[in-house]
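For reference, the structure is listed below as structure tokens.
Read-outs throughout are calculated quantities, based only on the coordinates presented, and are distinct from any laboratory measurement. Values in this document were obtained by computation on a predicted structure and should not be read as measured data. All Cβ positions, even for glycine, are placed from backbone atoms using ideal geometry, and neighbour counts span all protein chains on display.
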Amino acid sequence: GGALIGCSAGFVNVPRIKGSHNAMLSGMLAAEKLAEAIAAGRAQDELAEYENEWRASDIGTDLKKVRNVKPLWSRFGTYLGIALGGLDMWTNTLGFSLFGTQRHGKPDHATLKPASECKPIVYPKPDGKLTFDRLS
């Protein structure tokens, strides 16, 4: 089995650029739930309580307040999207949201293209002063 935790599960607080903290907390929470399941002889079960636990934890509390920032940013562009996201975060501190819960326009995987359709990235050679070649 496996579990999506941390940044892979989308536990990044975009406006605060806070991913490491939530990644560690979600990993610890997943380990606790896994240990409980193994101790109870449920090693083959789906750990559905993990989702309820992270939503009720500091991770869920943290992310609920900023849930609309990225969708608003994507929908309305940088300036208006960030302004609306900031307004939404502020109203969330008062206990409500002007926007409800916004959805992303499409899933992340739908935004990807095959490498053959993308322009190759040309990196400059290391200059030995600012950039270095550690392999040779």
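What is the distance in Å between the Cα centres of the range 1-56 and the range 82-125? Here the two parts' Cα centres lie 23 Å apart. With the highest mean first, a sort of the peptides 34-45, 17-28, 102-113 on other beta-carbon atoms found within 10 angstrom per residue produces 17-28, 34-45, 102-113. Based on Cα atoms of the chain, Rg over Rh with Rh as the Kirkwood radius reads 1.09. Our helix-only sum for the chain, with -39,500 (n - 2.57) per DSSP H run of n ≥ 4 divided by its residues, gives a mean residue ellipticity at 222 nm of -13500 deg cm²/dmol.
Given H placed 1.01 Å from N in the peptide plane, which residues other than close sequence neighbours of K18 have an amide H under 5 Å from its amide H? When sequence neighbours closer than 5 places are left aside, the close amide H contacts are N13.
For the chain, a crude dipole built from +1 on the beta carbon of Lys and Arg and -1 on the beta carbon of Asp and Glu, taken about the Cα centre, is about 700 debye to the nearest 20.
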